[in-house]
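One structure below.
Where a number appears in this text, it was derived from the coordinates with a stated rule and is not lab data. For clarity, every value in this text was computed on a predicted model and none was experimentally measured. For neighbour counting, all protein chains shown are included, and Cβ atoms are generated from backbone atoms with ideal geometry for every residue, glycine included.
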């Protein structure tokens, strides 16, 4: 089967889709990845993947989106794919329109978290739901990572229930293993973190919707109150990200907090960095089924996350971590501080996190489920 995996940028391809692509290639499929150009594309090509660069503009820009549809249409028409599998909101919309125009036999959409959410204005939410309903008519099957998104797809009439599949999310169990002998002391030393500090970590893009402004406010308060707590933020901002005000907030926080606020930028040694943390937090405004939380759970960390779709399916409140309201720095501070003060409770939650992750979030099982569903639809 000839497969097109289409997403917005090489970052998403590199971060989320390679295990699925590897599995499809192992099954004998001819897989072509399509995305807009960024700093990850070159490395992916050097690794042996076929990556085609097409113009896909993020954000709302109808004229640019029409251009993207036109470019993708001609590419799909030339390549004659059996399956087009789309990811991320804009790429998924323009990709499905182009695939429908080309009469691609099978079109799959994985919703890594619907863009609409309850914190939006009713008008804005209705607009994005309408877009999903429209695109749903052009879709063979819909994969969602969270159960809540699967239910929302049916309730909002985006897709009929028999064509919606909750697939979950997962990570490589062998790679994220707290017993693998990872040396957190050397990581802490390299980053200038005291050996006895309580380290609060976050991994994610530096954009508002990841809750980084709220996290920086929490860091300011807690670091000023306690002399043995540090904050470690891993990740960067893509050139295509909309992050108004974030750079200023980061600069001001770094000026105020100095060496106790560590910003690493993008890193590949995620298991080692997680091993150096005592608590993981992700105060996002919206998510699908966040992989970073699963990675942290695999590494036996307690989690403080926002009470949103996806995150609240992963984190069992008061058992594997704590859930807080979105855009609420005071609640975030209270949750982090409570686990900082009660280390025994924190460690107990970390062990429960690992057990839950092993049971529900094995990447291999998630990929096998996807391939089985696609194969059954293709055969039928």
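Worth pointing out:
- Order by protection proxy (mean Cβ within 10 Å, highest first), peptides 20-31, 83-94, 294-305: 294-305, 83-94, 20-31
- Within region 184-360, the ratio Rg/Rh, alpha carbon atoms throughout and Rh by Kirkwood, equals 0.92.
- C-alpha long axis of helix 212-225 to longest principal axis of the chain, angle in °: 10
- Solution diffusion estimate, µm²/s, Stokes-Einstein, region 121-242, Kirkwood Rh from C-alpha pairs, 20 °C, viscosity 1.002 mPa s: 115
- Computed [θ] at 222 nm, deg cm²/dmol, the chain (DSSP H ≥ 4; -39,500 (n - 2.57); rounded to nearest 500): -13500 deg cm²/dmol
- For the pair residue 122 and residue 82 in one chain, pulling the backbone fully straight at 0.36 nm per residue adds 10.6 nm over the alpha carbon distance.
- Of the peptides 203-212, 170-179, the order by per-residue mean of other Cβ atoms within 10 Å, starting with the highest, comes out as 203-212, 170-179.
- The chain: most fluctuating residue of 237, 354, 260 per GNM, C-alpha cutoff 10 Å: 237
- Order of 35, 4, 102 - criterion: other Cβ atoms within 10 Å of each residue's Cβ, fewest first: 102, 4, 35
- If you wrap region 1-115 in the convex hull of its Cα atoms and look at it from every side, the mean projected area works out to 6.6 nm².
- Against the main long axis of the alpha-carbon atoms of the chain, helix 89-101 sits at an angle near 10°.
- On Cα atoms only, tilt of 122-136 relative to the major axis of the chain in degrees: 50
- At an R0 of 25 angstrom, the distance between the Cβ atoms of residue 1 and residue 45 translates into a FRET efficiency of 0.65.
- Percentage of interatomic Cα-Cα distances in region 329-380 larger than 18 Å: 59
- Of 65, 112, 162, the residue with the greatest mean-square motion in the GNM of the chain, using alpha carbon springs below 10 Å, is 162.
- Taking the fewest neighbouring Cβ atoms within 10 Å as the starting point, the ordered list for 264, 306 is 264, 306.
- Hull shadow area, averaged, the chain [alpha-carbon convex hull, nm²]: 18.2
- GNM result for the chain, Cα springs below 10 Å: residue of 220, 356, 64 fluctuating most strongly: 64
- Value of relative contact order over region 184-360, rounded to a whole percent, pairs C-alpha under 8 Å and six or more apart: 23
- Computed label-point distance, nm, for sites residue 52 and residue 267 using a 7 Å Cα→Cβ extension: 3.8
- Principal semi-axes in Å for region 256-340 [√(5λ), Cα gyration tensor, largest first]: 20, 17, 13
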